[in-house]
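Structure first, then comments.
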Amino acid sequence: MLAFAATLQASWESLGSSLQAGLLNGGPVAIVYGMLLSFAGSLCLTLSMAEMASINPVAGAQYHWTYELAPFAPRFLSFIQGWVTVIAWWANVAVGPYLVGTEIQGLLVQNYPSYEPEGWHGTLLVFAVLFLPLLVNIFARRLLAPVEVLSGVIHILSYPAIMVVMIVLGQRHTNDFVWTEFVTDQSGWHNKGVIYSIGLLTAAFTLSSFDGVIHMSEEVNDAPRAVPRSMVWGLCVNAILAFGFAIALLYTMGDFQKALDSPTGYPIIEIFYAQTGSKAASSAMMLPILLSGCYSSFNVLASVSRLTWAFARDEGFPFSTFFAHVSPRYKIPLRSLFLVTTITVLIALINIGSSAAFNAVLSLDTLALYISYLVPILFMLIKRVRFPGEIRYGPFNLGRFGIPINTFAMLYGTYITIFLPWPETQPVTASGMNYGAPVFGVALLFAVIDWFVRGHKKWNGPTVMAAPK
C-alpha cells in the first residue's frame, strides 16, 4: 500500500508537470516556501484523514465519515459529500493521461519544429494511456500489485538519476535567486499576496490526492493500521523527494524567461534541454515523468472504480443497482469501472472542441478534492470540542494534538480552496479564465437537485460490506 500511495501522488514528477503556475506567480520563492507550507498543510490534512480512516476504513471515506460526524442533516450532507468526492475523482482520472498526452505533444514540438499540436491529438493520446490500465484492471488484476512495486521502484530510482544529470550538467543560479527571488512581473497580477497564493498552487497540486489509498481500504488487510501508515509515509516520502527536486531544478534551470516561454507548453522540457544541450537527452529525462502519469492511471482507475461502486452500493447514483453490480466472472465492479472510463473518455473529447472547457473540468479536480477533505475534518473538529467522549478512536490516534492539527488543516485547506479558482494571469481572457469554481457550482447544483428528485427517497446513509476483490 505504501507503493500505491507513493506512486499515486508521484510528487516530484507532478511538480515537473505543474511548474507553470509557480514560475509565473512568485517564481522560486513561491515554489520553495510554497513546498514547505504545502507540506505542513498537507501533513495536517493527511493526519486528520488518516485518523478517520483508522476509525472507519471504508471505500466511501469522506461521505461515510460525514454521515457519522455531521452535527445535523447527516443524510443530506453525506449525500452531497458523496457527489463532491466522486466528481472530484472522476475528473482526477483524466488528469494523468492528459498530462502525459500534452507532454508528448510538447516533446514532438521540441524535436520536430514543424509539428503543430491539435486538440484531437491529445485526446487520442489520453485514450492510449487509459487502454492498458483498463485491460489490466479487468483481466489481470493480479498484475496490479507488481505494477505498484515496479512503479514505486521507477519513482524512487529514476529520482537520483535525474538529480545527478541536473546537478552535474546544469548552469548554476545563485543562492539569492533560489531562496529570495520573488517574481512579480510575469502574470499581470500586482498584489504580492495574490501572486504568492496563486504560485502556491503548484505545490498544493503536487502534494494532493493523498486520500486515494483510502478508497481501497475494504480490500486491505489490517486496514485501520495499514491505510493510515501508507497515507502518512507516502506523503512524507513524496514531500522530501519533491522539495529536493525543486531546489535542484531552481539552481540549475538556466534561463528563467526562456523556460517560461517554452513553445512546448511545459517549462520542465525546456529546462531539461538547457541542462543537457541535447533534445534526445531531454526527451529521455522526461520519460520518468511520462511513466508516472501512465502507471498512476492503473492505481487511480482501480481506486475510483471502487469509490464509484461504493457510492452506487449506497444508492447515491441514478441507476445505482446497475452500477453496484459486481461481475461474478471477474469479481470486480465491472460496470463502475466502465462508467469511470466512459466519463474519462467523454471528458477527453471536450478537448477537441475547447481546451478552456477541458481545463475547467481538470481544475475541478483539485478544488472538489480539497472541499471533500474539509467537510469531514470540520465535523471531526466540532465533535472533538463538543463531544470528545463519543469518539471511538482506532489504532491511529492524534490524541491531544488532534485539535491543533485539525484546526491547521482547516485553515490551510480553506486558504488553498479560496485561491484554486483564480486565473494564473491578468488580464483574464476567455481561454485563460479558470472555470473551476463555476463548474463546481454546476456540479453542486446537480447534486442538490438529485437529492430533491431522487436522493431523499433512496439515500439512507452509507453501508459497509466487503469490497469486491
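Things worth noting here:
- Test: residue in the range 329-337 that is in contact (Cβ under 8 Å) with a residue 40 or more places away in the chain, on the phi < 0 side of the Ramachandran plot and surrounded by fewer than 16 Cβ atoms within 10 Å (Cβ to Cβ): yes
- Residue check, L144 part of a helix (DSSP H, G or I) and either modelled with pLDDT of 90 or more or loosely packed, with under 15 Cβ neighbours inside 10 Å (or both): no
- Residues located in the range 404-447, provided they are surrounded by 15 or more Cβ atoms within 10 Å (Cβ to Cβ), at pLDDT 90 or above and among the β-branched types (V, I, T): I405, T407, I416, T417
Yes/no per residue for (1) within 30 Å of S336 (Cβ to Cβ); (2) at pLDDT 95 or above; (3) touching an Asp or Glu at 6+ places or on another chain (Cβ under 6 Å):
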site	(1), (2), (3)
Q257	no, no, no
T264	no, no, no
T276	no, no, no
I289	yes, no, yes
S292	yes, no, yes
Y295	yes, no, no
S303	yes, no, no
L307	yes, no, no
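- Output for the range 166-187, where each listed residue is at pLDDT 90 or above, loosely packed, with under 13 Cβ neighbours inside 10 Å and of a type in the set (S, T, N, Q): T174, N175, T180
- Within the range 191-215, the set of residues being more than 30 Å from S230 (Cβ to Cβ) and in a loop (DSSP other than H, G, I, E, B) comprises just one member, N191.
- Some residue of the range 280-289 being touching a strand residue (DSSP E or B) at 6+ places or on another chain (Cβ under 6 Å), surrounded by fewer than 19 Cβ atoms within 10 Å (Cβ to Cβ) and more than 24 Å from S38 (Cβ to Cβ): no
- Test set (1) touching a residue at least 40 places away in the same chain (Cβ under 8 Å); (2) in contact with a Phe, Trp or Tyr (Cβ under 9 Å, 6 or more places away or on another chain); (3) of a type outside the set (K, R) - N175 fails condition number: (1)
- Where A310 falls short, out of the listed (1) under 24 Å from F131 (Cα atoms); (2) without any contact (Cβ under 8 Å) to a residue 60 or more places away in the chain; (3) of a type outside the set (V, I, T): (2)
- Residue check for L124: modelled with pLDDT under 90, in contact with a helix residue (DSSP H, G or I) (Cβ under 9 Å, 6 or more places away or on another chain), under 20 Å from L301 (Cβ atoms) and aliphatic (A, V, I, L, M): no
- Checked against (1) in contact with a Gly (Cβ under 9 Å, 6 or more places away or on another chain); (2) of a type in the set (V, I, T); (3) more than 20 Å from P57 (Cβ to Cβ); (4) at pLDDT below 90, T252 passes all but a single condition, namely (4).
- Considering (1) surrounded by 23 or more Cβ atoms within 10 Å (Cβ to Cβ); (2) part of a helix (DSSP H, G or I); (3) not charged (D, E, K, R), the lone condition that L43 does not fulfil carries the number (1).
- Some residue of the range 81-91 being surrounded by fewer than 21 Cβ atoms within 10 Å (Cβ to Cβ) and closer than 28 Å to N397 by Cα: no
So that you can scan it fast, the table gives a plain yes or no per residue for (1) modelled with pLDDT under 90; (2) farther than 27 Å from M49 by Cα; (3) surrounded by 15 or more Cβ atoms within 10 Å (Cβ to Cβ):
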| residue | (1), (2), (3) |
| --- | --- |
| T342 | no, yes, no |
| L381 | no, no, yes |
| R386 | no, no, no |
| L398 | no, no, yes |
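For (1) assigned to a helix (DSSP H, G or I); (2) buried (at least 19 other Cβ atoms within 10 Å of the Cβ), each residue gets a yes or a no:
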| residue | (1), (2) |
| --- | --- |
| F127 | yes, no |
| W189 | no, yes |
| S217 | yes, yes |
| P228 | yes, yes |
| C236 | yes, no |
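- Some residue of the range 80-101 being assigned to a helix (DSSP H, G or I), at pLDDT 90 or above and of a type in the set (S, T, Y): no
- Selected residue (only one of Y159, Y115 is part of a helix (DSSP H, G or I), among the aromatic types (F, W, Y) and either farther than 30 Å from I332 by Cβ or over 23 Å from the mean Cα position of the chain (by Cα) (or both)): Y159
- Count of the range 407-433 residues, restricted to those that are within 21 Å of the chain's Cα centre (by Cα) and either of a type in the set (D, E) or assigned to a helix (DSSP H, G or I) (or both), is 13.
- Considering residues of the range 191-215 that are more than 18 Å from the chain's Cα centre (by Cα) and in contact (Cβ under 8 Å) with a residue 24 or more places away in the chain only, the residue surrounded by the fewest Cβ atoms within 10 Å (Cβ to Cβ): V194
- Taken over the range 92-107, the criterion of being among the aliphatic types (A, V, I, L, M) and under 17 Å from the mean Cα position of the chain (by Cα) is satisfied by V93, A94, V95, L99, V100.
The values are calculated or read from the model by the stated rules, or taken from the named source; none is laboratory data. Quantities reported herein were computed from a predicted structural model and do not represent experimental measurements. Reconstructed Cβ throughout: ideal geometry from the backbone, glycine too, with neighbour counts over all protein chains shown.
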